[in-house]
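What follows is a short report on a single structure.
Derivation of every value follows stated rules applied to the coordinates shown; laboratory data play no part. This one's a predicted model, so the numbers in the text were calculated from it and none came from an experiment. So basically every Cβ, Gly included, is an ideal-geometry build from the backbone, and we count neighbours across all protein chains shown.
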Amino acid sequence: MLDHVFTDAIGALRDAFEAAFLERQAFDEHFQVDVLLGDLSWETSYGLPGEGQPPRVVAHVNFDWPTWSQTAYRRWYVEEVLDQLPAIEMEIVFRVQRLRESPDRSVLQHVASDTSPLIGDGRLERAGTTIEIAYVDPIEGVDEVEPPAEYAIEVTYEGLYELAEQTLADGSSTLLDEHFGALGGWIASTLVKLGDLKLEFLPADDE
């Protein structure tokens, strides 16, 4: 197993999701390397259990480890010099999908706060809301009527998580577990609130 502070952070968030009994969307998880720039990225998606496929509500999580963070981490690791704290660039997208009708973005105003709770020394900030409409083309000879349009609404949060020197120096530090436990708890509670919204949903594909 790769021993790196970035993978430690991924493991801490996974543990938080499992403790909250969230369901991982297995085919939505990716670990990628930008061969030109050298950035690492991890993407995953979690939903509430028993939602069907696709789930009504889902959280898409994107962690980026940019080259400047790797440079700062390597210099500290090799030369024990810490000029700049390495950081993980984070993006969290909460998505409500399978909607029968186009939602008003105000439906999220009591659920989607302006910022996340404190995660380490910083917070994620809400970056915007997107409303999506999708049409499925009918299959000739199979669909007798045109399938209904499907709607979705997303709200995006972005921010940086700076890694404390204590976390870099000691792999047994509980800071990552504490900070990403708070992030996981916020994501789980937001998904529950989204799932409780009085909206009309289309049936899941596996129903």
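Numbers for the structure displayed
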| quantity | calculated |
| --- | --- |
| Most to least packed among 111-120, 57-66 [average Cβ atoms within 10 Å] | 57-66, 111-120 |
| Among [x] 62; [y] 58; [z] 65, the entry derived from the coordinates for percent of Cα pairs over 21 Å apart | [y] |
| Mean Cβ neighbour count within 10 Å, used as a protection proxy, ranking 82-95, 40-53 highest first | 82-95, 40-53 |
| Hz values of 3J(HN,Hα) by residue in segment 12-17 - Karplus curve (6.51, -1.76, 1.60), Gly and Pro given as x | 5, 6, 4, 4, 5, 5 |
| Between segment 57-85 and segment 91-120, the Cα center-to-center distance that results, in Å | 28 Å |
| Cα long-axis angle, helix 67-79 against the chain (0 to 90 degrees, to the nearest 10) | 30 degrees |
| Charge sum, other residues only, whose C-beta stays under 14 Å from residue 193's C-beta, Lys/Arg counted +1 and Asp/Glu -1 | +2 |
| Amide N proximity, segment 163-204 versus residue 110 label position 7 Å along Cα-to-Cβ, cut-off under 19 Å | 189-201 |
| Ranked list, fewest to most other Cβ atoms within 10 Å of each Cβ, for 193, 198 | 198, 193 |
